[in-house]
Amino acid sequence: MRPWCLFLKRPSARGTAQISPSGRGRTASLAEDQKLASASGALQNLFGTGDENVRLLEKLMDVHVALRGGDIVVEGGDEQRVDGAREILKKLCALAEKGERVDTAVVQYAVSLLEKGELDQLDNLYGEIVATTFRGRPIRCKTLGQREYVRAIRRHTLTFGIGPAGTGKTYLAMAMAVSALKSKEVERIVLTRPAVEAGEKLGFLPGDLNQKVDPYLRPLYDAMFDMLGAETCQRMQERGVIEVAPLAYMRGRTLSDAFIILDEAQNTTTEQMKMFLTRMGFRSRIVVTGDPSQIDLPRGKRSGLTEAVEVLEGVEDISVQRLTHHDVVRHELVQAIVRAYDEHAARAKEEWSDGRYAQERPQMD
């Protein structure tokens, strides 16, 4: 099938750029373009439901995008922004032609890459399939940070994935675990996280062990069900191929031939983290995920995740991957919220270092 988007017309006037369908050195008519778009779905994919993709691009780049006479026209008062939007649309056209789904998350990430001067990186980002869900949907990395995170897991025995909510830390770790299990690299998957609080006082909660910890392990179950399906997960748990347990139940064990994921690791104490990391047996792989900005430990308790990264970063066969607000793949507002909190934390740190709040500064041990 002939591609509908091959080249860009140079700006016909200052502040205006046009993207035109083409075929063998000529420009297609509007009617021909509509026929091609209908057959390939590329145009609908590019614009999105209710034109949500181009509306977001307009908002982020302060331009206007329209389909006129078979051309995608970009207009705006700033020539640099118009050219930037034009380059983004060119990249998105290429993705749409390959059959890759273009959504608002892709558009937003393309804009962030443009701002960093890395837009060319978008070309090869979506080709690599990490795993496949039980419904057959391919799981791909959606940001460069996610890609480096996945590659680090493949290459290292122990990987720390640190970053804010919505960056895919747990989900991608789960995808890698399922992939390793299916390829027989490991014999089982072990999923764990701190439950309730740092001391994990589960005895006061009603029910048996599963009922006590289920609410705290639910995010791990959700990711696991998406990969394997509820029935398959249940059978694997009954056979011991998949184990989901609170961190307290890891003590005294050695886990060999296993893919082990510790989630919400920012809520571990130093003692718990050391205990967990020393559970590693032969032919095992460990992924530790957490967000240091969401520590729920009692005041005065230092996060085991923070200390472990300080102690172990640089050790051979250990990788520390830091994801940022650029890697958030949830609603666009989540990225804005994470960025705002990061900026607030940076300002607060600067103010403390300047001694503006010396009288209120807490005493450190």
Checklist outcome for this item: From the option list 98, 142, 90, single residue qualifying as more than 30 Å from residue 180 (Cβ to Cβ) and charged (D, E, K, R) is 90
Next on the checklist: Give all pairs with beta carbons closer than 9 Å in which a residue from the range 122-150 that is on the phi > 0 side of the Ramachandran plot and not assigned by TED's automatic domain parsing to the domain that holds residue 226 meets a residue that is surrounded by 18 or more Cβ atoms within 10 Å (Cβ to Cβ) and outside any helix (DSSP H, G or I); count only pairs at least 6 apart in sequence or on separate chains.
Outcome noted: none
Checklist entry - Pick from the range 172-191 the residues that are of a type in the set (D, E, K, R) and outside any helix (DSSP H, G or I): which of them is surrounded by the fewest Cβ atoms within 10 Å (Cβ to Cβ)? => result 184
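Residues to consider are 77, 50; find the one that is part of a helix (DSSP H, G or I), surrounded by fewer than 20 Cβ atoms within 10 Å (Cβ to Cβ) and modelled with pLDDT under 90. Let's see the steps before the verdict.
Details: 77 fails: part of a helix (DSSP H, G or I).
Exactly one of 77, 50 is part of a helix (DSSP H, G or I), surrounded by fewer than 20 Cβ atoms within 10 Å (Cβ to Cβ) and modelled with pLDDT under 90, namely 50.
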Item to check | Among the candidates 179, 112, residue that is polar (S, T, N, Q) and modelled with pLDDT of 90 or more | outcome: 179
Checklist entry - When residues of the range 211-237 are filtered for being modelled with pLDDT under 80 and surrounded by 17 or more Cβ atoms within 10 Å (Cβ to Cβ), how many remain? => result 5
Checklist entry - When you go through 199, 240 one by one, which is the residue that is at pLDDT below 90, surrounded by fewer than 19 Cβ atoms within 10 Å (Cβ to Cβ), more than 23 Å from the chain's Cα centre (by Cα) and not polar (S, T, N, Q)? => result 199
Item to check | Filtered residues of the range 248-269 (kept if within 24 Å of the chain's Cα centre (by Cα), closer than 19 Å to residue 281 by Cα and in a helix (DSSP H, G or I)) | outcome: none
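The values are calculated or read from the model by the stated rules, or taken from the named source; none is laboratory data. Nothing here was measured: the structure is a model prediction, and the numbers come from that model. Neighbour counts are summed over all protein chains in view; Cβ atoms, including those assigned to glycine, are modelled from backbone coordinates with ideal geometry.
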